[in-house]
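The values are calculated or read from the model by the stated rules, or taken from the named source; none is laboratory data. What you see is a predicted model; the values in this text were computed from it and never measured. So basically every Cβ, Gly included, is an ideal-geometry build from the backbone, and we count neighbours across all protein chains shown.
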Amino acid sequence: MARPRLFDEDAALDAATDLFWERGYAATSVRDLCSVTGLGPPSLYNAFGDKQALFARCLDRYLDANPLARVRRAETASPPRVALERFLTAVAERSILDNRGCLLVNTALEVAPHEPAIGSVVAERLAEIEVFFCRCVEAGQREGSISCERTPEDFARLLLAVVMGMRVLARARPDAALLRGAVEQAISLLGAPSSEAKP
C-alpha cells in the first residue's frame with residue numbers, strides 16, 4: 001500500500017512555477033527546485049518526475065490559471081467582438097504589470113526550440129488560444145459585429161500574432177500607450193460593425 005504524500009503538492013507546484021517563471025527553464029536547477037519546494041531530490045523525482053516533467057506540470061498549471069482562464073471569462077461574459085477586445089486589453093495590461101512576461105511566451109522563446117516535448121505543449125496551448133479567436137470571429141461575423149472580408153482563421157492568426165508580439169515587445173519596451181495602440185489597431189482590423197449588428 002502506497003504511503004500518502006506528506007507535502008502540499010499545490011504549494012510545491014506554485015513555488016516551482018514561480019521559480020521557473022522568474023529564472024527561466026535553463027537557469028533553474030534541480031537543487032533550486034528542491035530548495036523552494038522543500039523536497040529532497042528523491043521526493044521531487046518521485047512526486048513529479050524529472051525537471052522537464054515538472055516544468056510541463058508547472059506550465060499547464062500556469063496556463064489553466066492565467067491565459068486560458070481569461071479566455072473562459074471573456075468568452076462567457078461578453079459578445080464576441082467585446083470578448084476579443086477585453087482579452088487583448090487584458091494581455092496589454094498584464095504585460096505592463098508583470099515584468100516577468102508570459103510564461104507561455106517565455107517558454108516558446110527559450111525552451112520550445114530545444115525540448116520537443118515542451119514545444120508540443122506550447123504549440124497545443126497556442127492553438128487553443130487561436131481557436132478561441134476563431135470562435136469569437138465566427139460568432140461576430142454571424143451577428144454582424146465583425147467584418148467578413150477575411151476568414152475567421154485569418155483573423156485568428158493575426159490576433160495570435162498580435163498577442164505574441166505584445167508580450168515580447170513589453171519585455172524590451174514596457175510602454176502602456178504603445179501596447180494599447182496595438183490593441184486598438186488590431187480591433188480596428190476587424191472592421192466596423194454592420195448596421196444590423198446586435199447592440
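Selection of the stretch 135-173 for residues being in a helix (DSSP H, G or I), touching a Lys or Arg at 6+ places or on another chain (Cβ under 6 Å) and surrounded by 23 or more Cβ atoms within 10 Å (Cβ to Cβ) yields only Gly140.
Taking helices (runs of 4 or more DSSP H) as the structural unit, those lying wholly within the stretch 25-99 and holding at least 2 residues that are of a type in the set (Lys, Arg) and farther than 30 Å from Phe155 by Cβ correspond to 51-65. Residues in the stretch 58-80 that are surrounded by 15 or more Cβ atoms within 10 Å (Cβ to Cβ) and either in contact with a Gly (Cβ under 8 Å, 6 or more places away or on another chain) or among the hydrophobic types (A, V, I, L, M, F, W, C) (or both): Cys58, Leu59, Leu63, Leu68, Val71, Ala74, Pro79, Pro80.
A Cβ distance below 8 Å, combined with a sequence gap of six or more or placement on separate chains, defines the contacts here; from the stretch 111-138, residues that are among the small types (Gly, Ala, Ser) reach residues that are not in a helix (DSSP H, G or I) in the pairs Gly119/Val111; Gly119/Ala112; Gly119/Pro113; Ala123/Ala112.
Determine whether the stretch 85-95 contains at least one residue that is in contact with a Phe, Trp or Tyr (Cβ under 7 Å, 6 or more places away or on another chain), modelled with pLDDT under 95 and within 20 Å of Glu22 (Cβ to Cβ). Spell out the reasoning first.
Our first condition is that a residue be in contact with a Phe, Trp or Tyr (Cβ under 7 Å, 6 or more places away or on another chain); within the stretch 85-95, this holds for none.
No, the conditions are met nowhere in the stretch 85-95.
Going by what's in this entry, would Ala170 be described as closer than 19 Å to Cys102 by Cα, touching a residue at least 60 places away in the same chain (Cβ under 8 Å) and not charged (D, E, K, R)?
Details: closer than 19 Å to Cys102 by Cα: yes; touching a residue at least 60 places away in the same chain (Cβ under 8 Å): yes; not charged (D, E, K, R): yes.
So Ala170 fits the description; yes.
Within the span defined as the stretch 78-86, every residue fails to be under 11 Å from the mean Cα position of the chain (by Cα) and assigned by TED's automatic domain parsing to the domain that holds Thr151. Of the residues making up the stretch 95-111, those that are surrounded by fewer than 20 Cβ atoms within 10 Å (Cβ to Cβ), hydrophobic (A, V, I, L, M, F, W, C) and more than 14 Å from the chain's Cα centre (by Cα) are Ile96, Leu97. Taken together, the residues in the stretch 33-47 that are touching a residue at least 12 places away in the same chain (Cβ under 8 Å) and either touching a helix residue (DSSP H, G or I) at 6+ places or on another chain (Cβ under 6 Å) or closer than 17 Å to Thr107 by Cβ (or both) amount to 4.
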